[in-house]
Amino acid sequence: MDMKQILFLADQWDADQYALLDSGDGYKWEQFGSQRVIRPDPQAFWPAAAPIETWTADARFDARSGEDDRGNWDLINRQAPEAWPMTWRGLEFRARRTPFRHLGVFQEHSVHWAFAQDQIRAAGRKIRLLNLFGYTGMMSLAAAQAGGEVTHLDASPKSNGYGKEYAELSGLADAPIRWIADDAMKFTARELRRGNTYDAIVLDPPKFGRGTKNETWRFEEDLPGLLENVRGLLSDQPLFVILTAYAVRLSHIALAQALGGYLEDLGGTIEMGEMALPHAEGERLLPTSICARWIAP
């Protein structure tokens, strides 16, 4: 199995839909559609290009001390909407401020949405894709838009509800997408027993999480078992597997070798590296996470 190190650069956005305007001094300044926000980011420990006090925004996130990703939004623009429309390659969705500093979409994942679409369209056959930890469904919608048949799984019914809403907004209400609220380990184990298989699998597991019945997920402890299930669920003509990781004490090499250890018999190539956002101006990049993806020979 070949391994290649690459940079997964999320440069697939129209400038009026998403832009990283500046970053530095522990913060990032971003444009999400009609709204500008300022959020903490520990990776951005270089000097900002422009003084932070000159950044204009509709809202700023203040993190709570001692709590992972939780905090409060300070509305600088009191007329700022709770949710507002955005688009990506014809897919329509809504950004919204959450208590976990996110805005309902992980914009850096657009590099994988585009890759999945290209792979599905080039396959020349119906591709069945399993999207685990699918959040609000942008990967699921991107795959369905390209002609894929999708099983979307997330432990949060609320996130799945947003995904269904975005499918309707995007003209994909009748697309072959199954929206399932379940625990990833339990669901994949049941799929193995049922004999179901998939041509492509996407995993975006958190560092820590809980399933629908309060099952616990711990990345370092539970990922090997899930990857074993993933291998068993791949069809006789697998196309790709994408694995991303946030806030874990692993390198992309470790992640790639973990993935490769379960897929070694398939041959092919594993691409590994950091995911990053380009700045709207200049050559700076803001790293966001690590990932590895397997591509069939």
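The values are calculated or read from the model by the stated rules, or taken from the named source; none is laboratory data. Since this is a predicted model, take the numbers as computed values, not measurements. Every residue, glycine among them, receives a Cβ derived from its backbone with ideal geometry; neighbour counts consider all protein chains shown. Just the protein is used for accessible areas: all its heavy atoms, side chains included, with ligands, DNA and RNA removed. Shrake-Rupley method; radii C 1.70, N 1.55, O 1.52, S 1.80 Å.
Computing Rg and the Kirkwood Rh from the Cα coordinates of region 224-297 gives a ratio, Rg/Rh, of 1.06.
Counting only lysines at least 8 places from Lys164 when in the same chain, those with an alpha carbon closer than 26 Å to its own are Lys126, Lys186, Lys207, Lys213. Using only side-chain charges placed at the Cβ, +1 for Lys and Arg and -1 for Asp and Glu, the dipole size of the chain relative to its Cα centre rounds to 740 debye. Note that region 36-43 has calculated 3J(HN,Hα) couplings of 10, 9, 10, 9, x, 8, x, 5 Hz, one per residue in order, obtained from phi through the Karplus relation 6.51 cos²θ - 1.76 cosθ + 1.60 (θ = phi - 60°); glycine and proline are x.
Rounded to the nearest Hz, the phi-derived 3J(HN,Hα) couplings of region 75-91 under the Karplus curve 6.51 cos²θ - 1.76 cosθ + 1.60 (θ = phi - 60°) are 7, 6, 9, 5, 8, 4, x, 5, 9, 8, x, 9, 9, 9, 6, x, 8, where x marks glycine and proline. When each of the peptides 5-18, 243-256, 134-147 is scored by the mean number of other C-beta atoms lying within 10 Å of its residues, the order from highest to lowest reads 134-147, 243-256, 5-18. Hey, can you find the accessible area per residue of region 20-120 for me, probe 1.4 Å, expressed in square angstrom? For region 20-120, the solvent-accessible area averages 46 Å² per residue. Taking every alpha-carbon pair under 8 Å whose residues sit at least 6 apart, region 1-100 reaches a relative contact order of 19 percent. For region 242-261, the residues whose amide N sits under 15 Å from a probe point set 7 Å from the Cα of Glu228 along the beta carbon direction are 259, 261.
Here the Gaussian network model covers the chain, with springs between Cα atoms less than 10 Å apart; of Thr151, Thr269, Thr212, Thr212 fluctuates the most. Centroid-to-centroid, using Cα positions, region 127-145 and region 241-288 are 19 Å apart.
Distance between the C-alpha centres of region 8-30 and region 87-114: 12 Å, rounded to the whole angstrom. Charging the Cβ of each Asp and Glu at -1 and of each Lys and Arg at +1, and nothing else, the dipole of region 26-122 about its Cα centre rounds to 220 debye. Our summary gives the chain a relative contact order of 18 percent, counting only alpha carbon pairs under 8 angstrom and 6 or more residues apart.
For region 21-88, carbon and sulfur atoms together expose 47% of the accessible surface, with a 1.4 angstrom probe and every protein chain in place.
Extension gain for Gln79 to Leu7 (0.36 nm times residue separation, less C-alpha to C-alpha distance): 22.1 nm. Label positions at Ala254 and Asp14, each projected 7 Å from the Cα along the C-beta direction, are separated by 4.1 nm.
Between Ala167, Ala114, Ala80, the Gaussian network model of the chain with springs among Cα atoms under 10 angstrom shows the greatest mean-square fluctuation at Ala80.
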